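Step one of this worksheet: look at the structure below.
The values are calculated or read from the model by the stated rules, or taken from the named source; none is laboratory data. Since the model is a prediction, treat every value here as computed from it, not as a measurement. With ideal geometry, Cβ positions are generated from the backbone for all residues, glycine too; neighbour counts draw on all protein chains shown. We work out accessible area using only protein heavy atoms, side chains counted, and drop any ligands, DNA or RNA first. Shrake-Rupley method; radii C 1.70, N 1.55, O 1.52, S 1.80 Å.
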Amino acid sequence: MKSFPPCALATLERSYPEQPALLDHDLVGHELLSLEALAELAQRLPAVNVEYNRGDVPVGLDPSATPANGLSVEETIRRIEECGSWMVIKFIEQDETYRALLHEVLAGLEPAVSTATGAMLKREGFIFISSPGAVTPFHFDPEHNVLAQIRGRKTMTIFPADDEGLVSGAEHERFHNGGHRNLPWQEAFAGRGQPFELVPGRGVYVPVKAPHWVQNGPEVSISLSVTWRSEWSYREEYARRWNHLMRRAGMTPRSPRRWPHQNRAKSLVYSVVNKAGQIRRPQP
């Protein structure tokens, strides 16, 4: 099965890796992506890999204030239409059947991305299930990501990944040293993002570390997220980790540069020092 038509792959190739882009896909109606199948999947996976909470939250949400919905995993999925919740089933590749689906989808995308950033590393999948009107707060992720809308409608607003007026270098470093993905939000940021309207059969490519937030539409939403890392994304991460050490030493390091710059020097220094066991982890 080809999940993305040639026109979508051509669009991705033109935009990748730094520009978000809308992509058509052919995953709507897939038997593994129905609510019934996902309820069974959520029961099979370890509980730690199913995150869910209330969906009536602000765009800028302190992760320590995330409200629970008072339901079990199964109840949340079965009552998703009226329970006002947001859910993500993480690392679906742990399940053999869903691993095959993930790898099939990513294999179809690989020709459009491998020329720019090489092999797809750390291939992972996530499935989002949202009640009508639910909000996914302002955050970013370290992976290249294609989010395919399967059911319902949502608007994802994506912000430039290189705008440190939105996310400071120190905030990037906090994330790469165990911090939560949620980011501080200001209403002044609102006009700096680009909204992407997602309907069944439409997806969006989200660049590495591009901040975004999501507003669900008036129906239950199901979305499949397929993600991968690249050597470039790891170099950006390791350079951020090295900057964190420099900042702790009282310096003010320059932020890593975005693609096509490779950040090899800082990445290499961090890797060597880390392997030598010279990095002392901060005490909790």
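Annotations
- Residues (open to solvent by less than 60 Å² (accessible area, probe 1.4 Å) and either of a type outside the set (G, A, S) or more than 20 Å from A170 (Cβ to Cβ) (or both)) located in region 246-273: M246, P253, P256, R258, Q262, N263, K266, Y270, S271, V273
- Of residues in region 138-161 being over 25 Å from A116 (Cβ atoms) and not in a strand (DSSP E or B), the one most open to solvent (accessible area, probe 1.4 Å): R153
- Check on S72, within 22 Å of R229 (Cα to Cα) and small (G, A, S): no
- Scanning region 35-58 for residues that are out of contact with any strand residue (DSSP E or B) (no Cβ under 7 Å at 6 or more places or on another chain) and polar (S, T, N, Q) returns a single hit, Q43.
- Within this structure, Q215 passes the test of being within 21 Å of R54 (Cα to Cα), surrounded by fewer than 19 Cβ atoms within 10 Å (Cβ to Cβ), in contact with a Lys or Arg (Cβ under 9 Å, 6 or more places away or on another chain) and at pLDDT 95 or above.
- Only one entry in L12, L23 is within 20 Å of the chain's Cα centre (by Cα) and assigned to a strand (DSSP E or B), namely L23.
- In region 70-86, residue farthest from K122 (Cα to Cα) [restricted to those that are in a loop (DSSP other than H, G, I, E, B) and either of a type in the set (S, T, N, Q) or open to solvent by 50 Å² or more (accessible area, probe 1.4 Å) (or both)]: E82
- So W232, is it closer than 30 Å to Q149 by Cα and touching a residue at least 12 places away in the same chain (Cβ under 8 Å): yes
- The residue list P67, P58 contains one member that is out of contact with any helix residue (DSSP H, G or I) (no Cβ under 8 Å at 6 or more places or on another chain), over 24 Å from F196 (Cα atoms) and part of a loop (DSSP other than H, G, I, E, B), which is P67.
- Residue match in region 87-102 (condition: open to solvent by 50 Å² or more (accessible area, probe 1.4 Å) and closer than 21 Å to D24 by Cβ): no
- Taken over region 27-55, the residue count meeting the criterion of being open to solvent by 40 Å² or more (accessible area, probe 1.4 Å) and either touching a Pro at 6+ places or on another chain (Cβ under 7 Å) or part of a strand (DSSP E or B) (or both) is 4.
- For region 162-177, the criterion of being in contact with a strand residue (DSSP E or B) (Cβ under 8 Å, 6 or more places away or on another chain), open to solvent by 10 Å² or more (accessible area, probe 1.4 Å), acidic (D, E) and within 20 Å of R258 (Cα to Cα) is met by no residue.
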